[in-house]
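A.B. asks: I am attaching a structure below and will ask some questions about it afterwards.
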Amino acid sequence: MALTTNKSILDWLDEKIELVNPDKVLWIDGSEAQLEELRKEAVQTGEMIKLNEEKLPGCYLHRTKPNDVARVEDRTLICTPTEEEAGPTNHWKDPEECYKMLYDIARVTYQGRTMYVIPYSMGPVASPFSKIGIEITDSIYVVLNMAIMTRVGKEVLDCLGDSDEWIRGFHAKCDVDPEKRWIVQFPQDNTIISVNSAYGGNVLLGKKCFALRIASFLGKNEGWMAEHMLILGIENPQGETKYICAAFPSACGKTNLAMLIPPESYLKRGYKVFTVGDDISWIRKGPDGRLYAINPENGFFGVAPGTNEKSNFNALESTKKNTIFTNVALNLDDNTVWWERLTKERPANALDWKGNPWPIDSTENGAHPNSRFTAPTKNCPCLSPEFENPQGVPISAIIFGGRRAKLAPLVYQSRDWNHGVFVGSAMASETTAAAAGAVGVVRSDPMAMLPFCGYNMADYWGHWIEMGKKLGDKAPKIFNVNWFRKDDEGNFMWPGFGDNLRVLNWILKRCDGEVGAKETEIGFVPNAEDINIEGLEGEVSIDSLNDMLSVDKELWLEDTKRIEELYAKFNGRVPKELVESLETLKKNVQ
Ligand code: GTP
Ligand code: SPV
Ligand code: MN
């Protein structure tokens with residue numbers, strides 16, 4: 001029985017039922033009893049494997065098809081009325097043609113399957129920041145993941161009432177055919193259609209499709225921002241907490257930074273770190289004129305490989321119960337999971353992520369490099385007490401960053417907001433396994449939003465400039481970091497992880513005007529002695545720190561060509577403030 005009388009929902013649903021022809025329709029009410037039924041069914045059909053109830057209570061393993069393990073950026077479309085509105089960094093198709101193509105692919109594909117109808121809220125139910133979506137899907141895996149990643153169920157529909165302000169999400173896994181796989185956003189119609197995939201970011205439509213692509217478009221029209229940013233709080237020994245948002249591309253350290261454990265010397269002095277979000281921020285100007293952010297998600301869809309007790313204790317703890325693991329290895333001795341670097345030794349007796357025997361002398365990975373855990377935020381030992389705050393948390397600093405073996409220094413500060421927007425627009429990073437395609441290639445990834453901006457990126461930059469005008473002197477300061485600089489032997493120069501707090505600490509001091517800096521060609525760079533390296537003896541010296549903070553003018557001049565080429569794609573649409581910043585940079589490094 002329908003859980004709502006909302007006509008806009010029921011009409012839309014009727015259309016989709018007629019199109020795909022499901023055996024039956026099941027509304028997801030959010031109750032534990034219903035979810036438990038679905039888990040049992042998924043175990044029966046082999047869609048999920050129940051893991052060791054003692055060691056990993058409530059946890060399951062799921063394997064996707066080997067051709068379906070990451071986002072597919074060249075099959076992700078932004079279908080605005082004109083190609084110009086989507087811009088040169090998005091793939092576009094004419095909306096009418098695209099609907100037809102997708103409906104032809106989806107026709108009668110639910111035959112013999114159940115249609116699950118998931119009402120969900122991005123953000124705490126009824127927060128002024130929050131938005132509601134309905135996702136229909138033929139995958140129990142999607143239902144169970146959405147139930148972790150978002151707030152699902154009847155209360156969401158009650159909150160929506162008769163309104164037609166909700167995001168339409170239609171998913172059909174079809175035959176998981178990569179040739180017919182499409183992830184499509186129709187921003188003007190508040191609609192998302194995803195076919196022929198059953199993997200994470202392609203099918204959990206509340207996440208990248210809604211909370212970034214559609215929401216960035218809504219934000220532009222409504223005066224707020226949707227960003228690919230973590231949110232963390234840092235409490236100092238005086239008990240004051242300041243919040244930072246940081247945008248890094250996929251698999252470049254957001255989850256790790258959001259959950260970092262302070263170095264010993266900071267813990268002793270009483271520093272604490274709290275996680276508000278690890279992937280997405282919805283940000284708006286608050287009543288006091290400052291910028292406030294919420295995390296619209298309710299779970300972590302985190303990268304498994306590399307996560308261990310030492311690198312990210314809090315993330316690992318978060319996965320110890322009620323978690324779904326995707327594409328990791330299965331330890332046959334105790335029916336638990338394993339991935340690269342979880343422990344020093346791999347399990348002797350295991351299946352790899354494809355479910356094949358994994359011989360002990362195999363040179364293949366046990367887990368896929370983009371294998372993931374879906375864990376409830378409430379499992380996180382350092383979850384911020386402000387996580388559910390419907391008003392969000394006030395942001396003191398915004399950080400951009402990426403993987404750059406050379407070029408970008410450990411940290412630098414932009415000269416002002418507009419220059420900071422330039423720094424974000426000029427971001428580049430080495431590609432990772434989070435998307436299909438080559439790994440390790442440097443590409444432009446403005447604000448870490450290249451795959452996620454739902455409209456013309458030049459207009460998105462314009463929106464950033466506008467937000468700066470509205471915030472005036474209450475705007476957060478903008479910084480850039482690079483944890484991934486390498487020495488000539490190819491080793492990371494900075495220890496990273498918990499030690500990144502040393503850099504955040506400099507950033508917060510800059511926000512409070514408590515520390516000086518060197519004005520360089522690219523912005524304000526720390527004096528090496530102002531980055532605390534106490535306790536890092538043998539790992540980082542003042543000399544190596546100076547190396548990490550150095551600005552190589554030749555490399556920067558080379559990089560300005562990349563930025564110039566990027567801007568040139570937009571045919572004069574790039575805001576003049578950014579073009580001026582580029583000219584200044586070129587002059588400075590010539
Ligand atoms: P998405 O979920 O794809 O958006 O990724 P993310 O940005 O949350 O990245 P995550 O924190 O999962 O980190 C991805 C990879 O970067 C992992 O293999 C980490 O081990 C590695 N990593 C994270 N932080 C650091 C760091 O400070 N230094 C180094 N060298 N590696 C890091
Ligand atoms: C990312 O790729 O940035 C992710 C994983 O957070 S996904 O949900 O697949 O987009
Ligand atoms: Mn992400």
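A.B. asks: Roughly how big is the chain's charge dipole about its Cα centre, with Cβ charges of +1 (Lys, Arg) and -1 (Asp, Glu), in debye to the nearest 20?
C.D. replies: On the way: 66 positive and 84 negative charges, 54 e Å.
My answer is approximately 260 debye.
A.B. asks: In vacuo Debye scattering of segment 498-582, one point per C-alpha: log10 I(q)/I(0) at q = 0.12, 0.22, 0.26 Å⁻¹?
C.D. replies: Values returned for q = 0.12, 0.22, 0.26 Å⁻¹ are -0.53, -1.06, -1.23.
A.B. asks: If you wrap a convex hull around the C-alpha atoms of segment 161-291 and split its volume per residue, what is the figure in Å³? Intermediate values should be presented prior to the final figure.
C.D. replies: Working: hull volume 19.9 nm³, N = 131.
Cα-based convex hull of segment 161-291, divided per residue, equals 152 Å³.
A.B. asks: With unit charges on the beta carbons (Lys and Arg positive, Asp and Glu negative) and the dipole taken about the Cα centre of the chain, which residue among Asn588, Ala568, Gly270 sits farthest to the positive side?
C.D. replies: The Cα lying farthest towards the positive end belongs to Gly270.
A.B. asks: Using the Karplus equation 6.51 cos²θ - 1.76 cosθ + 1.60 (θ = phi - 60°), what ³J(HN,Hα) coupling, rounded to whole Hz, does each residue of segment 138-147 give in order, writing x for Gly and Pro?
C.D. replies: Result, rounded to whole Hz: 10, 10, 5, 4, 5, 4, 5, 5, 4, 5.
A.B. asks: Hey, can you grab everything whose amide H is under 5 Å from the amide H of Ala350? Only 5+ residues off in sequence or another chain; H modelled, so Pro and N-termini drop out.
C.D. replies: Under 5 Å from the amide H of Ala350: Leu332, Trp358.
A.B. asks: Let me make sure I get this right: for segment 389-433, a, b and c are the square roots of the gyration tensor eigenvalues over alpha carbons, sorted descending. Under 1.5 in a/c it's rounded, otherwise prolate if a/b > b/c, else oblate. Which is it? Can you show the working numbers first?
C.D. replies: Details: a/c = 2.45, a/b = 1.49, b/c = 1.65.
Oblate shape, in that a/c is at least 1.5 and b/c is the bigger or equal ratio.
A.B. asks: Related question: For all pairs of alpha-carbon atoms in segment 61-151, what percent lies in each bin of width 10 Å, listed from the first bin to the last filled one?
C.D. replies: Whole-percent P(r) values from 0 Å outward: 13, 28, 42, 17, 0.
A.B. asks: Can you give the calculated 222 nm mean residue ellipticity of the chain, where each DSSP H run of n ≥ 4 adds -39,500 (n - 2.57) and the sum is split over every residue, rounded to the nearest 500 deg cm²/dmol? Don't skip to the end; give the middle numbers.
C.D. replies: Details: 17 runs with 163 residues, N = 590.
Rounded to the nearest 500, the figure is -8000 deg cm²/dmol.
A.B. asks: I've got another one for you. Sort 474-487, 244-257 by packing, meaning the average of other beta carbons within 10 Å per residue, with the highest value first. Each step should come with its number before you reach the end.
C.D. replies: Working: 474-487: 20.9, 244-257: 25.1.
Packing order, densest peptide first, comes out as 244-257, 474-487.
A.B. asks: Take the alpha-carbon positions of the chain, form their convex hull, and give its projected area averaged over all directions (one quarter of the hull surface) in nm².
C.D. replies: On the way: hull surface 103.2 nm².
That works out to 25.8 nm², a quarter of the Cα hull's surface.
A.B. asks: Go through segment 515-532 residue by residue and turn each phi into a ³J(HN,Hα) via Karplus (6.51, -1.76, 1.60, θ = phi - 60°); whole Hz please, and just put x for glycine and proline.
C.D. replies: 8, x, 7, 8, 7, 10, 4, 9, x, 8, 10, x, 6, 3, 5, 8, 9, 6
A.B. asks: In Å, what is the Rg of the alpha-carbon atoms in segment 430-511, and how long is Dmax?
C.D. replies: 16.6, 46
A.B. asks: Just want the answer: with Cβ charges of +1 for Lys and Arg and -1 for Asp and Glu, which residue in Asn322, Ser371, Pro357 is farthest toward the dipole's positive end in segment 299-375?
C.D. replies: Asn322
A.B. asks: Among the listed pairs Lys65/Lys310; Lys242/Lys406; Lys254/Lys321, give every one whose C-alpha distance is greater than 27 Å. Kindly include the intermediate steps, with their values, before the conclusion.
C.D. replies: Numbers: Lys65/Lys310 31 Å; Lys242/Lys406 30 Å; Lys254/Lys321 22 Å.
Beyond 27 Å between Cα atoms: Lys65/Lys310; Lys242/Lys406.
A.B. asks: Please list, in chain and number order, the residues 5+ apart from Cys59 or on another chain whose amide H is under 5 Å from its amide H, with Hs placed from the backbone.
C.D. replies: Residues meeting the amide H criterion: Leu51, Asn322, Thr323.
A.B. asks: Taking θ = phi - 60°, what integer Hz values does the Karplus form 6.51 cos²θ - 1.76 cosθ + 1.60 yield along segment 178-194, in sequence order, with x for Gly and Pro?
C.D. replies: Calculated HN-Hα couplings, in order: x, 6, 10, 7, 9, 10, 10, 10, 10, x, 5, 9, 6, 10, 10, 10, 10 Hz.
A.B. asks: If amide H atoms are built 1.01 Å from N in the plane of the peptide, which residues on other chains or at least 5 residues away come under 5 Å of the amide H of Val442?
C.D. replies: Here the answer is Thr431, since their amide H atoms fall under 5 Å of that of Val442.
A.B. asks: Moving on. Run through every distinct alpha carbon pair of segment 158-199 and return the Kirkwood hydrodynamic radius in angstroms, one decimal place. Don't skip to the answer; put the middle values down first.
C.D. replies: Working: mean 1/r = 0.0862 Å⁻¹.
One over the average 1/r among Cα pairs gives 11.6 Å for segment 158-199.
A.B. asks: For segment 54-198, what is the percent of antiparallel DSSP beta bridges, rounded to the nearest 5?
C.D. replies: Numbers: 14 of 27 bridges.
Counting only bridges with both partners in segment 54-198, antiparallel ones make up about 50 percent.
A.B. asks: Can you give the log10 of the normalised intensity I(q)/I(0) at q = 0.13, 0.28 Å⁻¹, computed with Debye over equal Cα scatterers of segment 299-375?
C.D. replies: -0.34, -1.45
A.B. asks: What ranking, highest mean first, results for peptides 401-407, 431-437 when packing means the other Cβ atoms within 10 Å averaged over each residue? Working shown, then result.
C.D. replies: Numbers: 401-407: 20.3, 431-437: 18.3.
Ranked by mean Cβ neighbours within 10 Å, highest first: 401-407, 431-437.
A short reminder: the numbers here are calculations on the coordinates, not readings from a lab. Computed from a predicted structure; not experimentally measured. Neighbour counts are summed over all protein chains in view; Cβ atoms, including those assigned to glycine, are modelled from backbone coordinates with ideal geometry.
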